[in-house]
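K.L.:
The following block contains the structure, expressed as structure tokens.
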Amino acid sequence: MIGLGYVGLPLAVEFAKHYPVIGFDINQERIDGINQGHDSTLEVEDDNLQSVLTLSIPEEKGLYLTSRLDEISSCNVYIVTVPTPVDKNNRPDLTPLVKASESIGKVIKKGDIVIYESTVYPGCTEDDCIPVIEKASGMKMNLDFYAGYSPERINPGDKEHTVTTIHKITSGSTPAIAEEVDQLYKKVIKAGTHKAPSIRVAETAKVIENSQRDINIAFVNELARICAHMNLDTRAVLDAAGTKWNFLKFSPGLVGGHCIGVDPYYMAQKAQEMGYHPEIILAGRRMNDGMGAWIAAQVIKLMIRKDIVIKNAKVLVLGITFKENCPDIRNTKVVDVVKELEQFGCSVDIFDPWANASEVKHEYGRDIVSAYTLSDYNAIVLAVAHNEFKAIDFSSRNPNTVLYDIKSILPVSAVDGRL
């Protein structure tokens with residue numbers, strides 16, 4: 001298993017219950033943490049993880065972790081679960097995939113199979129990743145080694161839809177390999193598998209899953225903006241519309257994370273390379289990427305109505321992770337709200353009991369406060385629906401303090417504004 005993050009570790013643990021598994025990651029600190037029997041991402045429970053960990057390469061089943069490339073040379077199936085982010089210009093960044101492919105190319109043997117799980121644009125596996133392996137190994141796909149693609153469907157923080165209970169798409173570089181890959185995953189995926197007719201079909205299926213969700217959220221985000229102009233409560237409108245059996249229930253909000261806020265750009269990139277400019281996909285991205293700034297502007301307007309001086313006003317942002325009850329801060333759009341409020345001249349404090357302070361500092365250059373007093377702030381932005389925040393008694397805040405609820409978890413009568 002190449003990459004031991006939110007995707008790789010849960011899958012490695014499940015495979016380790018049936019096969020000898022070696023987990024490889026270039027982050028030695030991550031390996032050391034897992035070897036202590038705890039997953040900092042909270043995707044794998046301690047007892048489940050500890051039940052498969054071994055201190056040496058297992059012969060029958062178990063999970064051994066390493067950062068040494070020479071220790072994975074005995075494997076005959078390599079599953080790549082490294083991140084596939086976008087750069088500052090929203091262009092796909094294949095650096096982690098390329099480096100992982102280079103590493104595999106140094107150890108791959110005749111007859112081995114490489115399976116990619118990382119989200120990519122259609123054709124990336126065969127056009128971008130496999131040539132890297134071929135160059136490093138001197139071998140050829142479908143003559144010396146084989147490839148597969150089985151896109152990850154991990155939902156961070158979700159304890160109901162876990163790796164084994166989510167239907168899995170599989171594919172292979174030949175019909176025989178496709179069947180072998182499918183049977184491999186069937187061993188651990190209780191929900192079953194769907195064997196796609198080609199790697200490209202599997203790649204495309206993955207990016208449109210999240211592109212579709214992105215577009216639907218963009219629609220309700222636009223609705224939220226329209227409702228704000230009409231002085232209507234968006235949630236009340238959606239609740240009323242949701243009484244129809246075929247109405248799709250989506251909620252407005254910040255669209256971050258490693259999937260929905262990223263995958264559409266992979267699809268758009270490939271479409272543009274082929275000479276087609278995607279209209280709806282990019283329109284949805286523009287709407288969702290602009291929500292942080294729009295929300296910050298709404299907060300500022302509410303503060304002005306209460307005669308609060310904006311320059312040096314103190315604002316508390318509750319939550320920095322990209323979703324509730326989860327430590328994942330990847331591509332969080334709460335940061336957009338923070339930056340925009342600072343641009344207005346506000347002094348912003350961030351509090352989040354789930355986020356790792358050092359990770360937030362490293363990724364976003366922001367500090368997290370360890371405690372707060374509600375009455376000290378001119379505005380409070382409830383950005384993430386952590387369970388801890390649902391229990392807060394906001395009545396202790398200063399009566400003139402603006403309370404804005406992005407997630408709409410509080411009664412409309414209890415807040416000054418909500419999305």
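K.L.:
Output the residues belonging to segment 249-287 that are loosely packed, with under 13 Cβ neighbours inside 10 Å, at pLDDT below 95 and within 16 Å of residue 220 (Cα to Cα).
P.N.:
249 - this is the single residue of segment 249-287 that is loosely packed, with under 13 Cβ neighbours inside 10 Å, at pLDDT below 95 and within 16 Å of residue 220 (Cα to Cα).
K.L.:
For a quick check of your reading of the model, give me the residue pairs whose first member lies in segment 399-419 and is touching a residue at least 12 places away in the same chain (Cβ under 8 Å) and on the phi > 0 side of the Ramachandran plot, whose second is open to solvent by less than 10 Å² (accessible area, probe 1.4 Å) and not in a strand (DSSP E or B), with beta-carbon atoms closer than 8 Å and at least 6 apart or on different chains.
P.N.:
Close Cβ pairs satisfying both conditions: 408/234; 408/419.
K.L.:
While we're looking at this one, here's another question. Restricting attention to segment 352-367, report how many residues are open to solvent by less than 80 Å² (accessible area, probe 1.4 Å) and under 17 Å from residue 325 (Cα atoms).
P.N.:
7
K.L.:
Against the definition (closer than 21 Å to residue 151 by Cβ and basic (Lys, Arg)), how does residue 311 come out, yes or no?
P.N.:
It is false that residue 311 is closer than 21 Å to residue 151 by Cβ and basic (Lys, Arg).
K.L.:
Let me ask something additional. Can you give me the ranges of the helices (runs of 4 or more DSSP H) entirely in segment 1-99 with at least 2 residues that are crowded, with 16+ Cβ neighbours inside 10 Å?
P.N.:
Correct list: 8-15, 28-35.
K.L.:
Looking at 246, 221, which is the one that is open to solvent by 50 Å² or more (accessible area, probe 1.4 Å), among the polar types (S, T, N, Q) and over 19 Å from the mean Cα position of the chain (by Cα)?
P.N.:
Selected residue: 246, the only one of 246, 221 that is open to solvent by 50 Å² or more (accessible area, probe 1.4 Å), among the polar types (S, T, N, Q) and over 19 Å from the mean Cα position of the chain (by Cα).
K.L.:
Hey, could you check segment 114-151 for residues that are open to solvent by 10 Å² or more (accessible area, probe 1.4 Å) and within 28 Å of residue 41 (Cβ to Cβ) and say which is nearest to the chain's Cα centre (by Cα)?
P.N.:
It comes out as 121.
K.L.:
Right, another one. Out of the residues in segment 175-189 that are more than 25 Å from the chain's Cα centre (by Cα) and free of Cβ contacts under 8 Å to residues at least 60 places away in the same chain, which is nearest to residue 148 (Cα to Cα)?
P.N.:
In this case the residue turns out to be 178.
K.L.:
Just checking, which of 342, 363 is out of contact with any strand residue (DSSP E or B) (no Cβ under 8 Å at 6 or more places or on another chain) and not aromatic (Phe, Trp, Tyr)?
P.N.:
363
K.L.:
Let me ask another. Return the pairs, sorted by first residue and then second, in which the second residue is of a type in the set (Asp, Glu), the first residue lies in segment 230-255 and is closer than 16 Å to residue 419 by Cβ, the beta carbons are less than 8 Å apart, and the residues are 6+ apart or on different chains.
P.N.:
Once the first residue is closer than 16 Å to residue 419 by Cβ and sits in segment 230-255, its partners that are of a type in the set (Asp, Glu) give 254/336; 255/214; 255/289.
K.L.:
Out of the strands (runs of 3 or more DSSP E) lying entirely within segment 123-215, which hold 1 or more residues that are modelled with pLDDT under 95 and not aromatic (Phe, Trp, Tyr)?
P.N.:
Output list is empty.
K.L.:
Considering segment 190-216 alone, what residues qualify as being in contact (Cβ under 8 Å) with a residue 40 or more places away in the chain and more than 30 Å from residue 14 (Cβ to Cβ)?
P.N.:
Within segment 190-216, 215 is the sole residue that qualifies.
K.L.:
Exactly one of (1) of a type outside the set (Val, Ile, Thr); (2) under 20 Å from residue 409 (Cβ atoms); (3) open to solvent by less than 40 Å² (accessible area, probe 1.4 Å) is unmet by residue 240. Its number?
P.N.:
Tallying (1) of a type outside the set (Val, Ile, Thr); (2) under 20 Å from residue 409 (Cβ atoms); (3) open to solvent by less than 40 Å² (accessible area, probe 1.4 Å), residue 240 fails exactly one: (3).
K.L.:
Here is a further query. Of the residues that make up segment 368-380, is at least one over 18 Å from residue 308 (Cβ atoms), part of a helix (DSSP H, G or I), touching a residue at least 40 places away in the same chain (Cβ under 8 Å) and open to solvent by 70 Å² or more (accessible area, probe 1.4 Å)?
P.N.:
no
K.L.:
Can residue 103 be described as open to solvent by 20 Å² or more (accessible area, probe 1.4 Å) and in contact with a helix residue (DSSP H, G or I) (Cβ under 7 Å, 6 or more places away or on another chain)?
P.N.:
Against the criterion (open to solvent by 20 Å² or more (accessible area, probe 1.4 Å) and in contact with a helix residue (DSSP H, G or I) (Cβ under 7 Å, 6 or more places away or on another chain)), residue 103 qualifies.
K.L.:
Could you list, in sequence order, all residues of segment 309-332 that are of a type in the set (D, E, K, R) and either closer than 14 Å to residue 355 by Cβ or buried (at least 23 other Cβ atoms within 10 Å of the Cβ) (or both)?
P.N.:
The answer is 323, 324, 328, 330.
K.L.:
Of the conditions (1) modelled with pLDDT of 95 or more; (2) aliphatic (A, V, I, L, M); (3) under 19 Å from residue 4 (Cβ atoms); (4) in contact with a Pro (Cβ under 6 Å, 6 or more places away or on another chain), residue 104 satisfies every one except a single condition; which number is it?
P.N.:
That leaves (4) as the condition not met.
The values are calculated or read from the model by the stated rules, or taken from the named source; none is laboratory data. Predicted, not measured: the structure shown is a model, and the values here were computed from it. Ideal geometry is used to build each Cβ from the backbone, glycine not excepted, and the neighbour counts take in all protein chains shown. Accessible surface is based on the protein model in full, side chains and every heavy atom, while ligands, DNA and RNA are left aside. Shrake-Rupley method; radii C 1.70, N 1.55, O 1.52, S 1.80 Å.
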